[in-house]
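Encoded as structure tokens, the structure appears first; notes follow it.
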Amino acid sequence: MRENADPFEGREHELHRRRRGRNYAVLAVLAAFVVLMFAVTIAKMGSHAGNPWG
Amino acid sequence: MSMTTASAAPPAPEAELRDWWRLLKPRVMSLVIFTAFVGLIAAPGAAHPVVALAAVLCIAIGAGASGALNQWYDADIDVQMKRTRARPVPSGRVAPGEALGFGVGLSLMSVAMLSVIGNFLAAGLLAFTIFFYAVIYTMWLKRATPQNIVIGGAAGAFPPMIGWAAATGTVSPESVLMFLVIFLWTPPHFWALALFAHEDYRAAGVPMMPVVRGERTTRRQVLGYTLAMSAASFALAFTPVGGPVTLAVALLANGVFIARAWTVARRDAGMAQADRYKAEKKLFGVSIVYLFALFGAVAVDTLLGGAPGGWPLLF
């Protein structure tokens with residue numbers, strides 16, 4: 001059975017591992033971006049409190 | 001494609017996360033973040049901490065984007081130099097088109113975000129900085145003139161001015177002086193590196209000062225720019241963003257920097273080769289500490305309330 005094993009199996013596994021890591025990193029960056037935008041919006045709205053046109 | 005052909009072909013390297021991180025030139029980015037932050041907090045009128053953090057992040061991303069564009073365009077040079085051939089694009093881990101897309105995408109995003117978070121002046125300055133570094137320096141000056149890093153140094157000098165503009169919406173004499181310090185700091189900083197890496201630049205055909213004008217002229221100019229930079233840093237101490245801490249650090253840091261530059265100026269190629277460019281490498285290291293120390297001192301003076309009453313001011 002050993003000689004029929006897919007010679008690319010190990011490499012495919014490695015590629016998937018890297019891609020998964022990269023995808024999680026993109027997810028983390030996007031989540032951080034959303035949190036930052038929310039925080040900036042709150043901060044900007046706070047600085048104009050009492051002045052809806054400011 | 002047959003199995004035989006597929007087996008014979010070398011596996012295409014695939015980029016890892018750290019390759020994308022390296023495309024942003026993180027070490028250059030750290031200097032940009034720090035100087036932009038100091039420019040922002042030194043500006044009159046306190047920005048909200050979250051807004052300040054977001055603005056500095058935009059400036060950092062913009063700087064990283066210009067680093068990616070630089071590495072996309074310079075891959076042909078980088079592959080010939082020992083110092084740069086392991087970078088993501090010349091090593092083949094990131095395709096040139098991907099680096100270009102990454103750089104353009106982050107540039108547009110950072111400028112757009114800064115226009116919303118800060119103001120149009122800060123965003124315009126950031127856009128100009130990215131354009132200046134990626135197009136004026138990388139595509140034109142770097143391959144055309146030994147004055148490449150003198151003029152191109154402006155790109156690295158803009159961040160404190162952008163930080164200041166993000167906080168105030170203005171350009172002021174203080175922010176121009178911070179720009180001037182980094183602008184005059186760049187030639188001695190970079191030529192110290194070019195002196196011990198000039199064989200690399202010669203091989204790659206990049207007209208750096210030591211390659212075109214020789215070591216002697218470069219060493220003399222290193223000292224000249226160091227003295228000019230010192231004058232600008234002392235002037236910074238006598239502005240509303242300076243104060244006693246800035247003056248004390250300027251005295252000490254300039255003393256060390258000038259002493260190192262003087263040593264480098266007095267040496268010749270033979271002496272440098274004999275000890276493997278020890279003094280030049282030392283000057284390069286000192287120059288990095290210098291900039292962090294000086295801008296750190298401005299930050300401390302700001303946190304202490306700025307220049308005290310009765311402190312002599314230039315403007």
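The values are calculated or read from the model by the stated rules, or taken from the named source; none is laboratory data. Just so it is clear, the structure is predicted and the values come from calculations on it, not from any experiment. Cβ: placed from backbone, ideal geometry, glycine included. Neighbour counts: every protein chain shown.
Tabulated data
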read-out	value
Hits in the stretch B:273-288 (condition: assigned to a helix (DSSP H, G or I) and touching a residue at least 12 places away in the same chain (Cβ under 8 Å))	B:279, B:280, B:281, B:282, B:283, B:284, B:286, B:287, B:288
Qualifying residue in the stretch B:136-146 (condition: surrounded by fewer than 19 Cβ atoms within 10 Å (Cβ to Cβ) and in contact with a Lys or Arg (Cβ under 7 Å, 6 or more places away or on another chain))	no
Where residue B:216 falls short, out of the listed (1) crowded, with 18+ Cβ neighbours inside 10 Å; (2) outside any loop (DSSP other than H, G, I, E, B)	(1)
Residue in the stretch B:70-78 that is under 23 Å from the mean Cα position of the chain (by Cα), modelled with pLDDT of 95 or more and of a type in the set (Ser, Thr, Tyr) present	yes
Any hit, the stretch B:176-188, residues being free of Cβ contacts under 8 Å to residues at least 40 places away in the same chain, closer than 26 Å to residue B:75 by Cα and assigned by TED's automatic domain parsing to the domain that holds residue B:39	no
Residue tally, condition in a helix (DSSP H, G or I) and away from every other protein chain (no Cβ under 14 Å), over the stretch B:23-52	17
